[in-house]
Amino acid sequence: MADVAARPARPLPHLAEPDTAPFWRATREGRLTYQVCRRCGAVVFYPRAHCTGCGGPELEWRTSAGEGTIYTFTVIRQHGHPFFAGRVPYALALVDLDEGFRMLTEIVGADPEQVRVGQRVELAWEDAGEVRIPVFRPRAGD
Amino acid sequence: MGRERRAAIAGVHEFGPRRAETMSALQIKALSAARALEDAGLTWADVDALYDAGETGPAAGLALAEYLGVRPTVVDTTAVGGSSFELHAAHAVRAIATGKARVALLTYGSTAHSERRAIGTGPRGNRGPASNMEAPYGLTLVGNYALVARRHMHQYGTTAAQLAEIAVTTRAHAMRNPDAVRGLHDLGHREVREITVEDVLASRLIADPLHLFDCCIISDGGGAVVIVAPEVTRDLRHRPVWILGAGEAVGYLEPGADLTVSAAARSGPIAFGEAGVRPEEIDVAMIYDSFTITVLTILEDLGFCAKGEGGAYVEGGRLRFDRPGAPALNTDGGGLSSNHPGMRGIFLLIEATRQLRGTSTAQVPGARLAVAHGNGGQLATHHVAGTIVLGRD
Ligand SMILES: [Zn+2]
């Protein structure tokens, strides 16, 4: 597997980062998680130990159904990191999940030239060793 | 003008070379400090407040005071990227107004070009929780701003040609600025000339919809600004450039938020309100031009035109220095065509000062009021806005 090991790897999240570690651990089970405040109902994303709406500590982890809409996107065509340099052109987007949070992600399974604002997308996964990376693809049938 | 005069820019210096292979960033800061103090007619010993954005390394403020050999009794190390210097100016006014300082020194130095730092397309810094969520996707700095540009186009019908107008105007201004022209040559630009909308659209896409010419250049550089109390202005070598108003605000990614509105929509009204000035009175708009979309968004947010109308507003060279009826934009050539060593905010204050002294290379006749607006960080995901309104007697 020497040739595989020599390929530049995707930068991975640090599992020691306390706010976001539970999110990344849940990806191993194929779950895209977000938080909701038990006190004020605010949707919190990225994950934190406090509510961004009221400062309270009681956050509930929930699992997203993984469906959303592209709010905006770009096609990356030049990159200084060897992994991404080998991946260009690729589409990155801010996706509005139906549960009310917005996340940066990659759009896969589509020609980057065909990606558009307002497009409906669904969760897919890319294996990356210790974790899985949530990516999105155009929803089947759309 | 019945506005309160609390502090003024008394001295400025822009480090001329865009390539400084044999110098350190600290050396650029020290040299610029000496020239700016000389420009003001003040000395090293007069400095009692020191501002440092930490671009030369850890222990900001501490390391710089020792290196320069000054003994400030006010130290401010606000570090929010490119807009740090607008925040420094805002804080210097407050320190002076409360009697804590008389002579404030702001400096900047960077050898980004010589170090070959790929600012726009390199990997981004790590690793708090926000960046721990973004790292696996490889969002470049250019891509970050491109997300805003794409949404602006979707929401308002803004076109790539309209964004290009901003790059065309700043290049026209750069061609009048000998330092900028020399810099473009020194940085290896093949054709140093005015450009057209077609040239911008024909340049390669870096991150859709932003082309190469929608992006700032990467240079070395630096500068310094000296801000003083009103009683100090009596002995100055130049007429004072008063800081009439200042505003600060933070923007970040929020669910449901409108990405086409930046923190300038909050910092602007604070600064204009304090100054008692309306945007339509402004003669010179020094707007942080990391990318063309940065300028378009901020022009709208500051109230030069309505949200969504920025595309039409910048068309037809309206913001060139020699067109009356609208402010002149980035008359030194801006980050797009003059210099961008990574954090450009200090140059906005320097060129606004030149305009209000009447010494710009693209001088607006009789310029009386200017705005300098810095944008630090990354426009789509987390940024800090600093607005400074300036005027002369
Ligand atoms: Zn709450």
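Being touching a Ser or Thr at 6+ places or on another chain (Cβ under 9 Å) and basic (Lys, Arg), is that true of even one residue in segment B:122-144? Looking for residues that are touching a Ser or Thr at 6+ places or on another chain (Cβ under 9 Å) and basic (Lys, Arg), one finds at least one in segment B:122-144, hence yes.
Against the test of being over 23 Å from B:Val384 (Cβ atoms), within 14 Å of chain A (Cβ to nearest Cβ) and in contact with a strand residue (DSSP E or B) (Cβ under 8 Å, 6 or more places away or on another chain), the options B:Leu212, B:Leu259 yield a single qualifying residue, B:Leu212. In the set (1) part of a helix (DSSP H, G or I); (2) at pLDDT below 95; (3) of a type in the set (Gly, Ala, Ser), B:Gly122 fails one condition alone, (1). Identify the residue in segment B:240-265 that is outside any loop (DSSP other than H, G, I, E, B) and out of contact with any helix residue (DSSP H, G or I) (no Cβ under 6 Å at 6 or more places or on another chain) and, among all such residues, is farthest from B:His91 (Cα to Cα). So, considering only residues that are outside any loop (DSSP other than H, G, I, E, B) and out of contact with any helix residue (DSSP H, G or I) (no Cβ under 6 Å at 6 or more places or on another chain), the one farthest from B:His91 (Cα to Cα) is B:Tyr252. Could you go through segment B:261-271 and let me know if any residue there is more than 16 Å from the chain's Cα centre (by Cα) and buried (at least 19 other Cβ atoms within 10 Å of the Cβ). Checked against the condition, which is being more than 16 Å from the chain's Cα centre (by Cα) and buried (at least 19 other Cβ atoms within 10 Å of the Cβ), segment B:261-271 yields at least one hit. Considering only segment A:28-41, I want to know if a residue exists there that is at the interface with chain B (Cβ under 9 Å from one of its Cβ atoms) and surrounded by 19 or more Cβ atoms within 10 Å (Cβ to Cβ). No: segment A:28-41 contains no residue that is at the interface with chain B (Cβ under 9 Å from one of its Cβ atoms) and surrounded by 19 or more Cβ atoms within 10 Å (Cβ to Cβ).
The requirement of being within 14 Å of another protein chain (Cβ to nearest Cβ), closer than 27 Å to B:Val384 by Cα and crowded, with 17+ Cβ neighbours inside 10 Å is satisfied by B:Ala207. Restricting the first member to segment A:48-77 and to residues that are within 11 Å of chain B (Cβ to nearest Cβ), and the second to residues that are within 12 Å of the ligand (Cβ to nearest atom), the beta-carbon pairs closer than 6 Å and six or more apart or on different chains are A:Thr52/A:Val44; A:Gly53/A:Cys37; A:Gly53/A:Cys40; A:Gly53/A:Ala42. Taking (1) touching a Gly at 6+ places or on another chain (Cβ under 7 Å); (2) under 19 Å from B:Ala352 (Cα atoms) in turn, B:Ala33 satisfies each apart from (1). Checked against (1) crowded, with 19+ Cβ neighbours inside 10 Å; (2) assigned by TED's automatic domain parsing to the domain that holds A:Pro138, A:Pro82 meets all criteria but (1). With respect to B:Glu300, determine if the residue is modelled with pLDDT under 95 and over 18 Å from B:Ser84 (Cβ atoms). The answer is no for B:Glu300. Against the list (1) away from the ligand (no atom under 16 Å from the Cβ); (2) part of a loop (DSSP other than H, G, I, E, B), the condition A:Glu122 fails is (2).
Against the numbered list (1) within 21 Å of the chain's Cα centre (by Cα); (2) more than 13 Å from every other protein chain (Cβ to nearest Cβ); (3) outside any strand (DSSP E or B), B:Ala161 comes up short only at (1).
Among residues of segment B:133-144 that are more than 7 Å from chain A (Cβ to nearest Cβ), those with a beta-carbon under 6 Å from a residue that is assigned to a loop (DSSP other than H, G, I, E, B) and crowded, with 23+ Cβ neighbours inside 10 Å at least six positions away or on a different chain give the pairs B:Leu141/B:Gly120; B:Val142/B:Gly120; B:Asn144/B:Ala380. Consider B:Ile195 carefully, then state whether it is more than 14 Å from every other protein chain (Cβ to nearest Cβ) and either closer than 16 Å to B:Ser219 by Cβ or part of a loop (DSSP other than H, G, I, E, B) (or both). When the stated conditions are applied, B:Ile195 passes them.
The values are calculated or read from the model by the stated rules, or taken from the named source; none is laboratory data. Note that this is a predicted model, so its numbers are computed, not measured. Because the Cβ atoms are built from the backbone with ideal geometry, glycine has one as well, and the counts that use them run over all protein chains shown.
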